[in-house]
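Working notes for the structure below.
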Amino acid sequence: MDPSQAEFEEEAISGTGEGDENMEGVEEQDDGYTSSTPTSTLTWISWFCSLPGHEYFCEVTEDFIEDDFNLTGLNTMVPFWKEAMEMVLDVEPDEDASKIPDVSIVESSAEMLYGLVHQRYILTRPGLQSMVEKYEAGIFGSCPRVYCAGCNVVPCGRSDLPGLDTVKLFCPNCNDIYVPPSSRFQGVDGAFFGTTFAHLFFQTYRELSPAPFWRASTPSGASLSPRSSTGSMSRSSTSPGTFFNPNPHGGQKRAAGYVYVPRIYGFKVSERAKSGPRMQWLRLRPENADELDMVDWRGRWIDDDDGYDEEEEEEMEDKRMEDFDPDAADDDDDDDEEEEEEEVQEISGSMRHALEMPVGQSARTNPTVPRALEGLGGGRLRMVRQWAPSRHVEVQG
Amino acid sequence: MSPRVRTPIILGSSLQGGNWVCVSIDFWSFFFSSWISWFLSSKGNEYFCEVEEDFILDRFNLTGLNNEVANYPQALDLITDQLDDDIQDEFRGSLDVQARLLYGLIHARWIVTARGLAKMLEKYKRAEFGRCPRVLCQQQPLLPVGLTDIPYEKSVKLYCGRCEDLYSPKSSRHGSIDGAYFGTTFPHLLFLVYPTLIPPKSGPADLGPLSTAAGASSSGAGAIAGELARSRRRQKEEAPMIAEGGGEDINTANVALKAERYRPKIYGFQVNEIAKLQRWQEAMRDRQVKRLEEMETQGAT
Ligand SMILES: [Zn+2]
Ligand SMILES: [Zn+2]
């Protein structure tokens, strides 16, 4: 493989095609850290936690590390245990320390020791307390998902065993995990945070945990301008005073519940299309806590023997998936028949109604659609057929 | 009409910020550097593709934009490199802002044409819009999208075809680009027109034929340049780019069942309220799958 190809593939694997440029300066320092030693004024733990890429770690108290009970089982996982302990606790090494072949080996042992102790420490009350301070200061960053509206995330691992995967970020609003935005976290082991911490954290601080149900804010918001809609959205997500979850063990924060609705020329992409939405369930919340009980422990609908009212269900979903933009959300309030009509017209709409733009679109929207789609040629027919197979003949004329 | 003779040549590739970027310029812009090629090469403008001059010069495609852009005639002259040289420097500065707005609005219209889609598809296949931050999307390349088609309202977002969700760009220089320059329609039209490119819901991201070709040949960037030249030739011939679609047999009714999801656990046990929500969500999923499969069989008979 020639060097240029290697470069190309490395880029592809690291997946950092964008966004890391402001971190480069920091990463240069990163190279030197393994061989540098903490200055005398700083404890090893403070120094370790201040390194670039170690922002997610909190400082484990020395008395926690000194308590053998907390270290049970770790000594078999860490080589040069005694020396690593001395390094982490800033204890002067014994006279016979000279038999250690290389100080960098002890350094990596010390890092492993600290990381594994850290995994346990952040499950204790003082550990959770340190982490909630970092959380509220935004040290862990926020969810990259647009409709999570900047919900803060916590670090988590996908395994409790070291060496398997790097640290990830858990968002309590979408209950999903994300790759940290900066590549400097790609060297941090996820096991140093573990699989349990993120969820114990939100069980402990329920006021930080978004509730599993969500109802769009009052329709009055829909008449406001788009600018004030962002205001109302952040208001609804940050006013715990008016919010109540009947489950005392559940999340006590109002969720950010919008689900993205894809549109083509202002028309919702129908689920009837092959490229139609298939994943909205992943982000969907019921409007009320009661609705969660309509599904049994095996994931089946209770009282669903002879099906359900399909249209009613679709309408329910539509309400939950109102658009960010309240102007565009107006058409979601249509009754069933109109809803059906709209879906039938969706693709034809992109052709036929493009110049009229009936759905909450201003006159400023693209008037060039017919010309623009000319080049799609044969695709046009097929696109129409894909949509609502049996009902499109009249639209063609 | 511009006196230029458009003879695209591939000059090779250059290393830009760690990415191999193919630089293709015509003779005119090589010697004089056109406004568009300058704009496209500016830092932060990586999401934009080149709008072909024919498209800009067809006044019909610009219908209504004169109401959106101040100093519209001069802004148009600037982006088509026909601005008088004796124009005052202070005016040029403000004109540049208007030219960017005009180019962005034209761009939003261009990328929903057949040729514009094809251009953005090349960038998508090279993952130039970044990759999905969701761990279970396994580095799925993203596509830019707007939340509104009206300028100055919302910044550009990134759409993942695998989880079908929106993410904010990692970099602030991309986070400040106007979403209206990409529009609400683009990624959804792309997957409508190219259904074979709808990403699978599980497994590693398939980068499609472009990157496969580049990967198979050890000449790396050279192969990409070759592919670019080929696709340019295809465009010039006005060949139906749609041929890549041909997804008559694709059935997406139950693809959601293959999607992986994260299950939060405390000491190995599922968290009660989250598990309940996830069961409800999966029941909603199953209900949709059932609905789509019924539709499928009804359509078949
Ligand atoms: Zn989230
Ligand atoms: Zn994704």
Subset of segment A:255-286 that is modelled with pLDDT under 95 and open to solvent by 30 Å² or more (accessible area, probe 1.4 Å) - its residue that is farthest from the other protein chains (Cβ to nearest Cβ):
A:Arg272
Quick one: how many residues across segment A:141-150 are more than 16 Å from ligand 2 (Cβ to nearest atom) and touching a strand residue (DSSP E or B) at 6+ places or on another chain (Cβ under 6 Å)?
2
Residue that is surrounded by the most Cβ atoms within 10 Å (Cβ to Cβ), among those in segment A:71-90 that are touching a residue at least 12 places away in the same chain (Cβ under 8 Å) and of a type outside the set (A, V, I, L, M):
A:Glu83
Given the criteria over 29 Å from A:Gly141 (Cα atoms) and either at the interface with chain A (Cβ under 7 Å from one of its Cβ atoms) or within 14 Å of ligand 2 (Cβ to nearest atom) (or both), does B:Thr113 qualify?
yes
In the set A:Pro162, A:Pro212, A:Pro180, A:Pro155, the lone residue that is away from ligand 2 (no atom under 16 Å from the Cβ), at pLDDT 95 or above, open to solvent by less than 20 Å² (accessible area, probe 1.4 Å) and part of a loop (DSSP other than H, G, I, E, B) is A:Pro212
Flagged in segment A:163-178 as within 13 Å of ligand 1 (Cβ to nearest atom) and in contact with a strand residue (DSSP E or B) (Cβ under 8 Å, 6 or more places away or on another chain), in numbering order, are A:Lys168, A:Leu169, A:Phe170, A:Cys171, A:Pro172, A:Asn173, A:Cys174, A:Asp176, A:Ile177, A:Tyr178
Scanning segment B:134-155 for residues that are closer than 19 Å to B:Asn45 by Cα and part of a strand (DSSP E or B), which turns out nearest to ligand 2 (Cβ to nearest atom)?
B:Leu142
Condition (residue is over 16 Å from B:Glu46 (Cβ atoms) and in contact with a strand residue (DSSP E or B) (Cβ under 8 Å, 6 or more places away or on another chain)) applied to segment B:120-133: is it met by at least one residue?
yes
Quick check on my filter: what residues within segment B:156-181 are without any contact (Cβ under 8 Å) to a residue 24 or more places away in the chain and either of a type in the set (A, V, I, L, M, F, W, C) or within 16 Å of ligand 2 (Cβ to nearest atom) (or both)?
B:Lys157, B:Glu164, B:Leu166, B:Ser168
Does at least one position in segment A:126-143 carry a residue that is within 22 Å of B:Pro133 (Cα to Cα), open to solvent by less than 30 Å² (accessible area, probe 1.4 Å) and touching a Cys at 6+ places or on another chain (Cβ under 7 Å)?
yes
Looking only at segment B:153-206, count how many residues are within 13 Å of the chain's Cα centre (by Cα), more than 10 Å from every other protein chain (Cβ to nearest Cβ) and either β-branched (Val, Ile, Thr) or open to solvent by less than 20 Å² (accessible area, probe 1.4 Å) (or both).
3
Subset of segment B:116-127 [within 7 Å of another protein chain (Cβ to nearest Cβ) and away from ligand 2 (no atom under 16 Å from the Cβ)]:
none
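This table checks each residue for (1) under 25 Å from B:Asp165 (Cβ atoms); (2) within 14 Å of chain B (Cβ to nearest Cβ).
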{"site": "A:Arg145", "(1), (2)": "yes, yes"}
{"site": "A:Lys168", "(1), (2)": "yes, yes"}
{"site": "A:Val179", "(1), (2)": "yes, yes"}
{"site": "A:Val188", "(1), (2)": "no, no"}
{"site": "A:Gln203", "(1), (2)": "no, yes"}
List the residue pairs whose Cβ atoms are under 6 Å apart, where the first residue sits in segment B:131-146 and is facing another protein chain (nearest Cβ under 10 Å) and in contact (Cβ under 8 Å) with a residue 40 or more places away in the chain, the second is assigned to a strand (DSSP E or B) and among the aromatic types (Phe, Trp, Tyr), and the two are 6 or more positions apart or on different chains.
B:Val145/B:Tyr159
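The values are calculated or read from the model by the stated rules, or taken from the named source; none is laboratory data. Just so it is clear, the model here is predicted, and its values are computed rather than measured. Cβ coordinates were reconstructed from backbone atoms using ideal geometry, including for glycine residues, and neighbour counts include every protein chain displayed. Heads up: the accessible areas ignore ligands, DNA and RNA and are worked out on the full protein's heavy atoms, side chains in. Shrake-Rupley method; radii C 1.70, N 1.55, O 1.52, S 1.80 Å.
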